[in-house]
Protein chains: 2
Amino acid sequence: MSITERDQLTARLRVARGDEPADLVLTGGKVVDVFSGRVQEVDVALHDGIVAGLGDYQGKARVDLKGAYLSPGFIEGHLHIESTMLCPAQLSLAVAPHGTSLIVADPHEIANVMGLQGIRAMLKNSQGLPVTFYFNVPSCVPATHLETSGAVLGPEELEQTLSWKRILGLAEVMNFPGAVAGDPEVLDKIIAFKGRPIDGHAPLLSGKGLDAYLLAGPNSDHECTELAEAAEKLAKGMWVMIRQGTAAHNLADLLPLVTPFSERRCLLVSDDRHPDDLAREGHLDAILKMAVALGLDPMLALRLVTLNPARRFMLKRRGAVAPGWVADLVVLEDLKDFQVRQVYQAGRLVAEAGQVLDPAAPPFAGAALGTMKTPPLNEESFLAEIKGAKVRIIELVPGQVLTGQAIEATPGDGIYLRADAERDLARLSVIERHGKNGNIGHGLLRGLGLKEGALASSVAHDSHNLVVAGMDEESMLSAARRVVEMGGGLCVARGAEILAELPLPLAGLMSGQPLDQVVSAVDELTRATAHICSHPEPFMALSFVCLPVIPKLKLTDLGLVDVDSFQLVDLFLD
Amino acid sequence: MSITERDQLTARLRVARGDEPADLVLTGGKVVDVFSGRVQEVDVALHDGIVAGLGDYQGKARVDLKGAYLSPGFIEGHLHIESTMLCPAQLSLAVAPHGTSLIVADPHEIANVMGLQGIRAMLKNSQGLPVTFYFNVPSCVPATHLETSGAVLGPEELEQTLSWKRILGLAEVMNFPGAVAGDPEVLDKIIAFKGRPIDGHAPLLSGKGLDAYLLAGPNSDHECTELAEAAEKLAKGMWVMIRQGTAAHNLADLLPLVTPFSERRCLLVSDDRHPDDLAREGHLDAILKMAVALGLDPMLALRLVTLNPARRFMLKRRGAVAPGWVADLVVLEDLKDFQVRQVYQAGRLVAEAGQVLDPAAPPFAGAALGTMKTPPLNEESFLAEIKGAKVRIIELVPGQVLTGQAIEATPGDGIYLRADAERDLARLSVIERHGKNGNIGHGLLRGLGLKEGALASSVAHDSHNLVVAGMDEESMLSAARRVVEMGGGLCVARGAEILAELPLPLAGLMSGQPLDQVVSAVDELTRATAHICSHPEPFMALSFVCLPVIPKLKLTDLGLVDVDSFQLVDLFLD
């Protein structure tokens, strides 16, 4: 029996009964009642972090909402923080003014670099902020055996996290073939998280495969792209997370799924959201606006980012404006544009008119600063000896993360493989950067439209080795060296000259800087790459050429991977 | 890591994938999809207790449902088993054929007699039956300090149950004034069950009192009688359990609360259901039929007894027909009368055409057989010396459990208080029967219309002492003695003659016999009492005259209780 807890409750009860004044009373608002789907004109008393009551209450302070809407704060059910390039602290400053109160994050990227230490660093950096962060534990680190990652998280490692605070459940089980097939390690991970939320990831899985996947344990999916797919998943018991991120736009296609009957099992999520997108459009507020513009009832829309994610993740007393519930609230001008006027976290005003009141951001764990452990690099590091008259070429497909394969005559000088601007062929190297083995994989890439220079990046899914594309070894070396010097990041070079750069020193994935600075650097990179390259988003393209779970041909530090056969293949053919 | 669990999952996955045949495939049914609100014509594969998949599956056996509906089994969210007078085992045999798959019970009555031992006895008797039983732990034992109960369950006693299997949460916190006022013991009980379901009981509570109650912890209510009351409770975050029991009929009044928007927070429950009602009308099937007859969409209605109670009580993978979910299923002729054709429990046929297939019922714990520990009784036990010219009279109010009070001239022989048929005054005695102190309280009761003889009962809320109403001490003694001899129950006597009886030897509250035998005995009692008494349900009336939380005048073993002032008062006045 906790006496402290009883004392706290006793004090709160005095306020709820009206015997003592509340910390703050919000008057004159239209309170969104997510239980009945109505709006109620009633005052709301906030005290000691919670809603103490609805009705006529005395308060030590009063704020007149002047007819604005008072909604529960928005809850993001599935986000990879690393995709924003911001650390949790900076992300919270960026999204709190957009009404985001709570984020359920999957630290899959940093876990691939730093393992459990990376998850701990994310937990530490995400405390005491205007946004509350919870985490699911990445289930697929590494993503495959065809690459070298910075860490391996087996069932035993994952079990360690069960006692950690703010760990909710198991993050997206991307290895759905493994789950369906009954891979013992996948099952052991799922069993370890029994009774907790287990998120799924099963693009286009249906029929018996889907039944087996559900039976194994995962019961949510954010990968639906087709309405019939989403309808089958919902009918079979999945929480459908409708994704509207930077790359994946599924809202318009999936919106017909959301009816008053089915809506309780639906969420709106971002998955991946890039910094420029965050700055330009916002976060869940932008998705709500779009959903309502597409015809969704605003009260239903609000439930998709309040009560529903709270229920899916078993977050007690969150997601509604009700007595005893956490006073995470957002004041909205209307239920059409979802313009955010003020944001309250646990009863305290934390953001107003687009700005957080206290922009303090704690530093990120120092261990994240030294993750670029590449082998010593020189120009030879980027040279591949020709071993056949023909060569496999990775071909980018515009607007998609999957790639094609071409087999053509080997471009080169008789000894080494060379780029060929005429044939739109850049050289591609992937350098192991976790200090494990110093592997370097070589290949050729078509579709960047690179004319000269090189691009290097430490953001390369899922193992985040150092990927370098370039037309000559001097440019490749200087770009790669600069990324290593920065402790990670993106860089464009021409010869010895660095044209632009974005430092991402936190695990090579995140900046420690505020959103506006990151966006400026991204803009500069975009301008610089436009001079030497015709691809609209070459770094995005590069970030996916190492991902050996997406067809068809990929390059990792171990070499070329034929994804369909799921094995390494030779670069050269006779 | 549980190897056994992984092996089980691996074997189930083989079936889900279609690599091995399922135990049973139900074909040709219309499957109720509670997630999307549709009916789908699809086969359902059952294996190892769960639904293995939906679609074309091979099975070791196949059953053609021939167009019948296949629904998740019904879940009762709030029932006092003791009100049925059946033990859990016999109750399961009675309700399984009506489609009841799971019951969440509040063993409040037996706990008042036997404490934790009583709860353990209920758990033990409710294993391995065609209905799955879960229990919430009674929060108010004893109900008040104005009576002698068989046990006291303080916070420490309740905490012991937290590790017991099939204990879900805290049962209805009836002491709502205590919760609102911050009574330390009430708060300690609630805090002990933090994170678990905590059921409420707050008739007509509203405004700040309701806010405080919710803030304290309880977040469901089954006591709503008015629509506005239910709407306020729902809007403030309560699960509203719409009650349609034997005594309380709230469905018609509260049904407008249930909209597609609000419905997720609503349940249909019985609370108290008497044996004759069970036999004549059924259980949740009867409530469903009535709800739909009153205009509720059948798909919404079904959710109120499947998915919603499962969510309210955090019962994992129950309440829907979906891959990996428990295969508790009911085959229905239609969605109008809800005529039950077959019932499957964990994939096994357990009832068909109104009969359970295996009517075996385990015996109840022997400790429950010796609970009638009254003091030695003789005719003098029922005599009260006159101590004033006027006397307080408990007046029954037709159709209600509350009572009135009259103060009139004392009927008697100058020495002892006597009954007076002319003035419709029966003598009333309440005898402590838990072996604690041998108290006997005396009073007068108006409204039974008793002409001669006596009625005695060991069912007397909430302490279940022995209540006896009669016109003379000989009849009172023989009725009371017979109840003690039976180990508890109901009895009608005239002089030395026993006119009819219903033995309830299990804690003085439940029979060990099947429903039909109990109903026969009840019918016989009804016939016998009709000869000597004009009240239509005299035993029901008697069961509430000892309950000192319902206004206005009640009698306990300690004496007369004025409920409004919540204190003992003298029987006689000058």
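The values are calculated or read from the model by the stated rules, or taken from the named source; none is laboratory data. These numbers come from a predicted model, not from an experiment. Quick reminder, even Gly has a Cβ in these numbers, built from the backbone with ideal geometry, and neighbours come from all protein chains shown. All accessible areas refer to the heavy atoms of the entire protein, side chains included, with ligands and DNA or RNA removed. Shrake-Rupley method; radii C 1.70, N 1.55, O 1.52, S 1.80 Å.
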Those residues in segment A:1-47 that give up at least 40 Å² of accessible surface, probe 1.4 Å, once the partner protein chains are present instead of the chain by itself are A:MET1, A:GLU5, A:ARG6, A:LEU9, A:LEU13, A:ARG17, A:PHE35, A:SER36
Cα extents of segment B:354-457 along the principal axes, largest first, in whole Å, come to 62, 35, 24
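Give me Rg over Rh for segment A:11-100, both radii from the alpha carbons and Rh done the Kirkwood way, two decimal places.
That ratio equals 1.08.
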XL table B:LYS387/B:LYS436; B:LYS451/B:LYS554; A:LYS208/B:LYS60; A:LYS390/A:LYS451; Cα-Cα > 25 Å flagged, in table order, is B:LYS387/B:LYS436
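Provide the packing ranking of A:373-382, A:166-175, A:244-253, i.e. peptides ordered by the mean count of other C-beta atoms within 10 Å per residue, highest first.
A:166-175, A:244-253, A:373-382
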Cα convex hull volume per residue for chain A, in Å³, equals 145
The ³J(HN,Hα) series, computed from each phi in segment A:114-120 with the Karplus coefficients 6.51, -1.76 and 1.60 at θ = phi - 60°, rounded to the nearest Hz and given as x for glycine or proline, is 10, x, 4, 4, x, 5, 4
Beyond 24 Å, the calculated P(r) of segment B:433-569 holds a percent of Cα-Cα pairs equal to 26
Semi-axes (Å, rounded, descending) of the ellipsoid equivalent to segment B:248-313 per its C-alpha gyration tensor are 20, 13, 11
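Where only protein heavy atoms count, and the probe is 1.4 Å, what is the accessible area per residue for the protein assembly as shown in Å²?
Each residue of the protein assembly as shown exposes 34 Å² on average to a 1.4 Å probe.
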Interchain or sequence-distant (5+) residues whose placed amide H lies within less than 5 Å of the amide H of A:ASN439 are A:GLU432
Over the protein assembly as shown, the quotient of the Cα radius of gyration and 2.2 N^0.38 Å is 1.09
In vacuo Debye sum over C-alpha of segment B:461-504, base-10 log of normalised intensity I(q)/I(0) at q = 0.17, 0.26, 0.31, 0.34 Å⁻¹, listed in q order, is -0.40, -0.87, -1.13, -1.26
For chain A, the accessible surface attributable to carbon and sulfur atoms (probe 1.4 angstrom, ligands and nucleic acids excluded) amounts in percent to 50
Computed ³J(HN,Hα) along segment B:93-102: with the Karplus parameters 6.51/-1.76/1.60, θ = phi - 60°, integer Hz and x for glycine or proline, the list is 5, 6, 9, 3, x, 8, x, 6, 9, 8
Using the Kirkwood radius over Cα pairs of segment A:428-495, the Stokes-Einstein translational diffusion coefficient at 25 °C and 0.890 mPa s, in µm²/s and rounded to a whole number, is 208
The chain B residue whose Cβ lies closest to the rotation axis carrying chain B onto chain A, with that distance rounded to whole Å, is B:PRO260, 2
Mean Cβ-within-10 Å packing, highest first, puts peptides A:34-43, A:483-492 in the order A:483-492, A:34-43
Note: A:104-117 gets an average of partner chain Cβ contacts (10 Å, Cβ to Cβ) equal to 0
For B:MET290 the rounded accessible area (nearest 10 Å², probe 1.4 Å, non-protein molecules ignored) is 70
D (µm²/s, integer) via Stokes-Einstein for segment B:172-272, Kirkwood Rh across alpha-carbon pairs, 25 °C, 0.890 mPa s: value 180
Each label sits 7 Å from Cα toward the beta-carbon; between B:ALA421 and B:MET540 the label points are separated, in nm, by 2.6
In this structure, the FRET efficiency calculated for B:ASP64 and A:ASP183 from their beta-carbon separation, with R0 = 35 Å, to the nearest 0.05, is 0.45
Filtered hits (lysines, Cα-Cα < 21 Å from A:LYS194, offset >= 8 within chain) -> A:LYS165, A:LYS233, A:LYS236, A:LYS316, B:LYS165, B:LYS194, B:LYS316
Expected field for B:GLU185, accessible surface area in Å² at 1.4 Å probe radius, rounded to 10, holds 90
Asked for the total accessible area buried by A and B (1.4 Å probe, Å², nearest 100), one would answer 5800
Within 10 Å of the Cβ of an average residue in A:257-267, the count of other chain Cβ atoms is 4
For segment B:539-551, in residue order, the Karplus 3J(HN,Hα) values (coefficients 6.51, -1.76, 1.60; θ = phi - 60°; whole Hz; Gly and Pro = x) are 6, 4, 4, 4, 5, 10, 6, 9, 8, x, 10, 10, x
Ignoring ligands and nucleic acids, A:PHE261 exposes an accessible area, probe 1.4 Å, in Å² to the nearest 10, of 30
Mean 1/r over distinct Cα pairs of segment A:58-158, inverted to a Kirkwood Rh in Å, yields 15.4
The ratio Rg/Rh over the Cα atoms of segment B:198-353, Rh being the Kirkwood inverse mean 1/r radius, stands at 0.98
Across all Cα atoms of segment A:82-238, Rg and the largest Cα-Cα distance (Dmax), in Å, are 16.0, 45
One decimal, nm, nearest first: from A:ARG280 to the same residue in each other copy, label points 7 Å out along Cα→Cβ, the values are 7.1
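Taking segment A:336-411, how much of its Cα-Cα pair set, in percent, is spaced more than 19 angstrom apart?
Values: 2089 of 2850 pairs.
Summing the P(r) tail past 19 Å for segment A:336-411 gives 73 percent.
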Taking only protein heavy atoms and a 1.4 Å probe, the highest-to-lowest accessible-area order of A:ARG303, B:ARG527, B:ARG494 is B:ARG527, B:ARG494, A:ARG303
